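Peer 1: Okay, handing you the structure first.
FYI, it's all coordinate maths here, none of it is from the lab. Remember, it's a predicted structure, so these values are computed and weren't measured experimentally. Methodologically, a virtual Cβ is constructed for each residue, glycine included, from the backbone with ideal geometry; neighbour enumeration extends over all protein chains shown.
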């Protein structure tokens, strides 16, 4: 089996393997490891082999597409035509997508093979991948620990060698944090860089689609295909996409690196701090300069994030009402119960309430209720309106920092992965796992997590690099340099 896409494609074009052989090797790995990890919710064996057979014909004729040989897993909040898109929820457990997401269309045309849909926190709401209706995902480094969330299935699948790379989504750290916990690379592009058409919405002004991979080169090649303006997405940026692989120079000479002092204080595991500082020193020895910077409003990041994203979730998830599509409560049982109890409430109201009670998990219901509250009359200005103002301040902090430096380097998370079940009864502690990642989503800037070593507990440590809007090339180049060491 070829661990990386680039290795696999090189072998494929030399005639040393075939697309079908690559798919079969991953199918065997999934069969062996997925029962214990629960990373894949569905595996499209027949579809993947059909794609592989067609690609082998193109390769044989000397006309391989740019991503020939890539076997890709897809987070199950992204639509693939004629496949389930469950969002890891009972609400959509039997829903089948009618179309491909724009990113899927582009990847398919470039030769990517989609091997299956990956588990995640329900509707991408969570930091541990324990909120899935289909059960938690386990960390392949140590199955007693979480893989991170919400894209835990994507990170775990790549780390376990079940696919070359995977697509995930990042609303507040849901690519970068699980990448750090599982020891792989994960990039969240600038908001608007990749079309959101075909991505089931959690928080529409935050959601970004990105990539998990083993190498910066693989991530760069996949992102180059996915990114770019889409006329079907009004938030898609009409900005030219560079050929990211051509910009992986590997050098950091002359680069100005900023260390935000707010990200290296109380709550950060001392071992993680030591590893990050050691890596920063190595970057400095290779020609970068290091500067202390401040992001003073980052302390309001978690509160601001959970006000704004839950407000958007409350609106976005209102469509799941048991009437149009998705899960529906038993109408006959409801009618009988109401008749027995002499309940004169309109049946439709009871249907809405019962469907949503049964169809959504606890964390999703928690966020819907919080979002409805902050949008309600009498509280809108005090919470939602104020949070929007703070979001602007947080973005201004980043703009000032990037006037002084080229990139910011921080830990991806304050700790390594934590044991399964250890934080499920404490939502606030769970939310703090994203303390270093949410501000990038509030500001709409790109971020990448790169594995930089192991903690004494044997679990991976991730280093986060944040950059100016639409400067993914610089982040990928830094990741390439770090991983080359």
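Peer 1: At a 10 angstrom cut-off on C-beta neighbours, averaged per residue, how do the peptides 407-414, 385-392 rank from highest to lowest?
Peer 2: With the highest mean Cβ count within 10 Å placed first, the list reads 407-414, 385-392.
Peer 1: Of (i) 23.3; (ii) 30.2; (iii) 24.9, which one was derived for mean projected area of the Cα convex hull in nm² from the structure shown?
Peer 2: (i)
Peer 1: Take every Cα pair under 8 Å in the chain that's 6+ residues apart, average their separations, divide by the length, and report that relative contact order as a whole percent.
Peer 2: Details: 1108 pairs, mean separation 84.7, N = 485.
In percent, rounded to a whole number, it is 17.
Peer 1: Along Cα→Cβ, 7 Å out, is where each label goes; now give me the distance between the ones at residue 457 and residue 277 in nm to one decimal.
Peer 2: Those two pseudo-labels are separated by 2.1 nm.
Peer 1: How many angstrom lie between the C-alpha centres of the stretch 273-290 and the stretch 437-484?
Peer 2: About 14 Å separates the Cα centre of the stretch 273-290 from the one of the stretch 437-484.
Peer 1: Calculated FRET efficiency, residue 373 and residue 331, Cβ-Cβ r, R0 35 Å, to nearest 0.05?
Peer 2: Using R0 = 35 Å, I get an efficiency of 0.75.
Peer 1: Right, another one. Which FRET efficiency value, to the nearest 0.05, is calculated for residue 389 and residue 240 with the Förster distance at 35 angstrom and r the Cβ-Cβ distance?
Peer 2: It comes out at approximately 0.60.
Peer 1: A further question follows. Could you sort 330-338, 122-130, 226-234 so that the peptide with the highest average Cβ count within 10 Å comes first and the rest follow in order?
Peer 2: Descending mean neighbour count gives 122-130, 226-234, 330-338.
Peer 1: As an exercise, use a Förster radius of 56 Å and the Cβ-Cβ distance of residue 247 and residue 323 to find the FRET efficiency, rounded to the nearest 0.05. Kindly include the intermediate steps, with their values, before the conclusion.
Peer 2: Working: r = 49 Å, r/R0 = 0.88.
After rounding to 0.05, the efficiency reads 0.70.
Peer 1: Taking the stretch 267-311, how much of its Cα-Cα pair set, in percent, is spaced more than 13 angstrom apart?
Peer 2: Working: 702 of 990 pairs.
For the stretch 267-311, the share of Cα pairs beyond 13 Å comes to 71 percent.
Peer 1: Extension gain residue 4-residue 31, at 0.36 nm per residue separation less the Cα-Cα distance, in nm?
Peer 2: In short, 7.8 nm is gained.
Peer 1: Under the rule of -39500 (n - 2.57) per DSSP H run of 4 or more residues, summed and divided by the residues of the chain, what mean residue ellipticity at 222 nm is obtained, to the nearest 500 deg cm²/dmol? Intermediate results must be reported in sequence, preceding the final value.
Peer 2: Working: 16 runs with 190 residues, N = 485.
One gets -12000 deg cm²/dmol as the mean residue ellipticity at 222 nm.
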